[in-house]
1. Regarding Asp47, is this residue modelled with pLDDT of 95 or more and open to solvent by 90 Å² or more (accessible area, probe 1.4 Å)?
2. Could you please let me know if Glu60 is of a type outside the set (A, V, I, L, M, F, W, C) and at pLDDT below 95?
3. Of everything in the range 46-56, what is part of a helix (DSSP H, G or I) and more than 15 Å from Lys11 (Cβ to Cβ)? Give them in sequence order.
4. Inside the range 1-32, can you point out the residues that are of a type in the set (A, V, I, L, M), in a helix (DSSP H, G or I) and either open to solvent by 60 Å² or more (accessible area, probe 1.4 Å) or farther than 14 Å from Ser72 by Cα (or both)?
5. From the list Ala59, Ala35, exactly one residue is outside any helix (DSSP H, G or I), open to solvent by 60 Å² or more (accessible area, probe 1.4 Å) and of a type in the set (Gly, Ala, Ser). Which is it?
6. State the number of residues belonging to the range 43-80 that are free of Cβ contacts under 8 Å to residues at least 40 places away in the same chain and under 18 Å from Glu20 (Cα atoms).
7. Which number in (1) at pLDDT 95 or above; (2) surrounded by 15 or more Cβ atoms within 10 Å (Cβ to Cβ); (3) of a type outside the set (A, V, I, L, M, F, W, C) marks the one condition that Ser65 misses?
Amino acid sequence: MERSEIEKKLKEILFNTLEEEAEVSDDTDLIKDLALNSISLLYMALDIESAFGIKMENAEIAGISTIGQWISYIEGKIKD
C-alpha cells in the first residue's frame, strides 16, 4: 500500500472520529491541534487496526501524536 493510500484512509478514519473534516497535514497533532481526547484516540486506534489489518501495542503507539507519525507507523506495520 502506498503512503498516499495510507494517508487517505487514515484521514477518513480521523474525520469519522472528529465527526467533521478538518484541515490537516503531516505535522498536525491530534491532541494539541484537533483536541482529541483519550477515548477518541482509543476508538481511532481500533478503527486503524480494523481498516489496515494490523495489531498495535499500547507501548508502540504511546509516543505517536501527529498525522505523519501515524502514517509512518502504519506503513511500517503493513510492511512487517
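1. no
2. Yes.
3. Across the range 46-56, the qualifying residues are Leu46, Glu49, Ser50.
4. Listed by number, the residues that qualify are Ile13, Leu14, Leu18.
5. Within the list Ala59, Ala35, the selection yields Ala35.
6. 5
7. (1)
The values are calculated or read from the model by the stated rules, or taken from the named source; none is laboratory data. Note that the structure is a prediction, hence the values are computed from the model and not measured. Ideal geometry is used to build each Cβ from the backbone, glycine not excepted, and the neighbour counts take in all protein chains shown. When the accessible area is computed, the model is the full protein with side chains, heavy atoms only, and any ligands, DNA or RNA have been set aside. Shrake-Rupley method; radii C 1.70, N 1.55, O 1.52, S 1.80 Å.
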